[in-house]
1. Would you confirm, using the coordinates I've provided, whether residue 59 is of a type outside the set (A, V, I, L, M), closer than 15 Å to residue 19 by Cβ and buried (at least 16 other Cβ atoms within 10 Å of the Cβ)?
2. Please work out which one of (1) closer than 26 Å to residue 30 by Cβ; (2) modelled with pLDDT of 95 or more is the condition residue 158 fails and give its number.
3. Kindly indicate whether any position in the range 90-104 is within 14 Å of the chain's Cα centre (by Cα), more than 30 Å from residue 33 (Cβ to Cβ) and either surrounded by 18 or more Cβ atoms within 10 Å (Cβ to Cβ) or touching a residue at least 24 places away in the same chain (Cβ under 8 Å) (or both).
4. From the list 145, 83, exactly one residue is surrounded by 15 or more Cβ atoms within 10 Å (Cβ to Cβ), touching a helix residue (DSSP H, G or I) at 6+ places or on another chain (Cβ under 9 Å) and not hydroxyl-bearing (Ser, Thr, Tyr). Which is it?
5. Please tell me if residue 84 is over 18 Å from residue 6 (Cβ atoms), touching a residue at least 12 places away in the same chain (Cβ under 8 Å), assigned to a helix (DSSP H, G or I) and not aromatic (Phe, Trp, Tyr).
6. Name the residues in the range 63-80 that are buried (at least 23 other Cβ atoms within 10 Å of the Cβ) and either within 21 Å of residue 18 (Cα to Cα) or hydrophobic (A, V, I, L, M, F, W, C) (or both), would you?
7. Pull up the range 1-40, narrow it to residues that are of a type in the set (Gly, Ala, Ser) and in contact with a helix residue (DSSP H, G or I) (Cβ under 7 Å, 6 or more places away or on another chain), then point me to the one that is modelled with the lowest pLDDT.
8. Just one of 114, 119 is β-branched (Val, Ile, Thr), out of contact with any Pro (no Cβ under 9 Å at 6 or more places or on another chain) and under 22 Å from residue 50 (Cβ atoms); which is it?
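The values are calculated or read from the model by the stated rules, or taken from the named source; none is laboratory data. Here the structure is a predicted model, which is why all the values come from computation and not from measurement. Every residue, glycine as well, gets a Cβ built from its backbone with ideal geometry; the counts of neighbours run over all protein chains shown.
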Amino acid sequence: MSFPRLIWLFPVVTALHNLEEAIWFPAWARRTGRWHARFTPGAFRFAVLVLTVLAFAVTGMSVRSGRQSVWTYLAFGYAAAMLANAFIPHIAVAITRHAYMPGFWTALLLNVPVLSWLVVLALKQGYVSADRAAAYAAGVAAALLASIPALFYLGRAMRL
């Protein structure tokens, strides 16, 4: 199978993962006393919605732009960031706390296998080169992490 066709699995598994989080994470965060960033449930759901739409948009631009394009590197970086996110915090927290963390099931059953496959496929089929891909993966992950407080702020400002 070709990477341009299979890359569409990235925003689909991201949407499913974000849906799992949107449903259960706000209550879980309040209940556990951890992860109590200043967000309302509406602001959290706004943030994951924006990040989901972004995954679809970047993927569409990647498919349109093709091999070795900035958009393909951005999609790769985003997929790699979501793969890392499966392990930290979701799988790590579930293992260390011996309890469910919202996002765990989709991380384990969808994100890890699908995104691992896409990362390997992108490299193997030459859609990204290893050195640039690693830089984009780190940069996109950092940008996504940095965007979360701003998205929470926007969600609160919109009174969500």
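1. Working: of a type outside the set (A, V, I, L, M): yes; closer than 15 Å to residue 19 by Cβ: no; buried (at least 16 other Cβ atoms within 10 Å of the Cβ): yes.
So residue 59 does not fit the description; no.
2. Going through (1) closer than 26 Å to residue 30 by Cβ; (2) modelled with pLDDT of 95 or more one by one, residue 158 breaks only (2).
3. Among the residues of the range 90-104, not one is within 14 Å of the chain's Cα centre (by Cα), more than 30 Å from residue 33 (Cβ to Cβ) and either surrounded by 18 or more Cβ atoms within 10 Å (Cβ to Cβ) or touching a residue at least 24 places away in the same chain (Cβ under 8 Å) (or both), which makes the answer no.
4. On the way: 145 fails: surrounded by 15 or more Cβ atoms within 10 Å (Cβ to Cβ).
One residue alone meets the criteria, 83.
5. Considered against the rule, which asks whether it is over 18 Å from residue 6 (Cβ atoms), touching a residue at least 12 places away in the same chain (Cβ under 8 Å), assigned to a helix (DSSP H, G or I) and not aromatic (Phe, Trp, Tyr), residue 84 comes out as yes.
6. 75, 76, 77, 78, 79, 80
7. 37
8. Answer to the check: 114.
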